[in-house]
Amino acid sequence: MPIQPVASPTRETVKQAVLDFINRYGCDEAPDDAFDKLARQVFAFQFANNAPYRAYCTSKRVTPPTLSHWSAIPPMPVDGFKMLTLTSTPEADCEAVFTTSGTTHPGQKGRNFHPDLEVWDASMIGPFRHFILPDRERIRICVISPAWDMNEHSSLSRYLTRALEQCGAEGSDYFFHEHGLEFDRIERFLEQAVADAEPVMLMGASSAYWYLLEHLRESGRTFVLPADSRLFDTGGFKSTKTGITVDDMYAMFADVFGVDRAHCVNMYGMTELSSQIYDQNLRSVYADGSVNTLKATPAWVRSVMLDPQTLTPVEDGETGVIAHYDLANWNSCLAILTEDLGVRSADGYRLLGRAKGAEARGCSITVDEVMAANA
């Protein structure tokens, strides 16, 4: 039976609906029926305007009229963003294109197209303040990864720049330029923080911290940063040292900067997503003194754990491959299948690393299905 035409919402209607949702719910829990209603609207828009994604969803027999619930929207594998042009707006009309580093598939980068950055910026700043600065409006920030003016195709660079612009106190600055990390300036920043006894925050990719820690180790320097200082990292050690674990890094943070785990927070983000996911420990520490390091999402994101073989949802406490349903991804694909493993509990979920071997079988099959649908 041929697919019946479906009236899809306009680009402006979808964008405004997502902005309204972000502004209304923030990081509070949104009712499932409200999320479902908007997810259907976004899906109808993408089905009508994103041809490669429509072909894949049609092959899975999921269309706007047949959709039973937002969780039935087929998630696009992250590799699809490398192999296909996934945008509901013509490329020429997109203000920004964020690209992946390309380290997993050399010469092949994932792309996420944005007609403009209004939704992306809105999805970034509220959760940043909620999870990273629950105790204050601003803090002196030291950014140790490239800023937006160095890499306009990096979502992380956009993120770090917006964080400093919106939440940086006097003395905040960028300490990574065309020749790399500016170690001398970073040391002076840290010395000044100790002298002023004012809390500061370092922000950057985990790989940048490794280079900084190695430099400080070689120079024999350590600091005891003021109380309420915090270290923000974005995870991953791509193209750098191997054998170092997250626990190793946090132990070094305590030794070198005098900042314990309670004030170290990880942000989980992806080029293919338009939102970020956070450790909850800073909020829990300032709320009741506990240290909840499980991940949490803003209201417009749902993270679902799927069986690695069948890609069906698993129960809490069971390991699954993570699929994200991000309404802020209104132009590309709101549903994304990652290659990351996680396990959920009542208080959030924990990342367990990348799926490997047999665990990744379901992801690989899905990539093949995506490509077959677009052959």
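Matching residues to (1) at negative phi; (2) open to solvent by less than 20 Å² (accessible area, probe 1.4 Å):
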| residue | (1), (2) |
| --- | --- |
| C57 | yes, yes |
| R61 | no, no |
| L67 | yes, yes |
| P74 | yes, yes |
| G80 | yes, yes |
| L86 | yes, yes |
| P90 | yes, no |
| F98 | yes, yes |
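For the residues H263, H179, the requirement of being without any contact (Cβ under 8 Å) to a residue 60 or more places away in the chain, in contact with a Lys or Arg (Cβ under 7 Å, 6 or more places away or on another chain) and either surrounded by fewer than 14 Cβ atoms within 10 Å (Cβ to Cβ) or not polar (S, T, N, Q) (or both) singles out H263.
When only residues in segment 246-260 that are without any contact (Cβ under 8 Å) to a residue 12 or more places away in the chain and more than 21 Å from the chain's Cα centre (by Cα) count, which is farthest from V200 (Cα to Cα)? So, considering only residues that are without any contact (Cβ under 8 Å) to a residue 12 or more places away in the chain and more than 21 Å from the chain's Cα centre (by Cα), the one farthest from V200 (Cα to Cα) is D248. Can you find even one residue in segment 38-55 that is aliphatic (A, V, I, L, M) and under 20 Å from the mean Cα position of the chain (by Cα)? Within segment 38-55, one or more residues are aliphatic (A, V, I, L, M) and under 20 Å from the mean Cα position of the chain (by Cα). Every test in (1) open to solvent by less than 30 Å² (accessible area, probe 1.4 Å); (2) modelled with pLDDT under 95; (3) among the polar types (S, T, N, Q) is passed by S239 save one, and that test is (1). Residues that are closer than 20 Å to A193 by Cβ and either among the acidic types (D, E) or under 17 Å from the mean Cα position of the chain (by Cα) (or both) within segment 148-164 comprise L160, A163, listed in sequence order.
Just one of the listed residues (G289, G269) is over 21 Å from the mean Cα position of the chain (by Cα) and not acidic (D, E), namely G289.
Quick check, is L273 in contact with a His (Cβ under 7 Å, 6 or more places away or on another chain), surrounded by 15 or more Cβ atoms within 10 Å (Cβ to Cβ) and not polar (S, T, N, Q)? Yes: the conditions hold for L273. The residues of segment 134-143 that are touching a helix residue (DSSP H, G or I) at 6+ places or on another chain (Cβ under 6 Å) and open to solvent by 10 Å² or more (accessible area, probe 1.4 Å), listed by number, are P134, D135, R138. Has segment 176-190 got at least one residue that is closer than 19 Å to F98 by Cβ, under 22 Å from the mean Cα position of the chain (by Cα) and not hydroxyl-bearing (S, T, Y)? Checked segment 176-190: at least one residue is closer than 19 Å to F98 by Cβ, under 22 Å from the mean Cα position of the chain (by Cα) and not hydroxyl-bearing (S, T, Y).
Among the residues making up segment 330-361, a single one is in contact with an Asp or Glu (Cβ under 8 Å, 6 or more places away or on another chain), of a type in the set (S, T, N, Q) and not in a strand (DSSP E or B): S332. In the condition set (1) buried (at least 18 other Cβ atoms within 10 Å of the Cβ); (2) more than 30 Å from V78 (Cβ to Cβ), P226 is compliant with all but (1). Can R111 be described as within 26 Å of Y286 (Cβ to Cβ), open to solvent by 10 Å² or more (accessible area, probe 1.4 Å) and either over 14 Å from the mean Cα position of the chain (by Cα) or not polar (S, T, N, Q) (or both)? Considered against the rule, which asks whether it is within 26 Å of Y286 (Cβ to Cβ), open to solvent by 10 Å² or more (accessible area, probe 1.4 Å) and either over 14 Å from the mean Cα position of the chain (by Cα) or not polar (S, T, N, Q) (or both), R111 comes out as no.
Within segment 311-357, if we keep just the residues that are among the charged types (D, E, K, R) and open to solvent by less than 30 Å² (accessible area, probe 1.4 Å), the residue that is nearest to E272 (Cα to Cα) turns out to be D326. Quick check, is R283 part of a strand (DSSP E or B), open to solvent by 30 Å² or more (accessible area, probe 1.4 Å) and modelled with pLDDT of 95 or more? No; evaluated as a whole, the condition is false for this residue. Inside segment 295-319, residues that are touching a helix residue (DSSP H, G or I) at 6+ places or on another chain (Cβ under 9 Å) and not in a strand (DSSP E or B) make up a count of 9.
Taking segment 178-202 as the range and being within 12 Å of S229 (Cβ to Cβ) and assigned to a strand (DSSP E or B) as the test, the residues that pass are V200, M201, L202. Look at A39 and say whether it is open to solvent by less than 20 Å² (accessible area, probe 1.4 Å), under 26 Å from D340 (Cα atoms) and in a loop (DSSP other than H, G, I, E, B). When the stated conditions are applied, A39 does not pass them.
The values are calculated or read from the model by the stated rules, or taken from the named source; none is laboratory data. Since this is a predicted model, take the numbers as computed values, not measurements. Glycine gets a Cβ as well: all are built from the backbone with ideal geometry, and neighbour counts include every protein chain shown. Just so you know, the surface numbers come from the protein's heavy atoms only, side chains and all, with ligands and any DNA or RNA stripped out. Shrake-Rupley method; radii C 1.70, N 1.55, O 1.52, S 1.80 Å.
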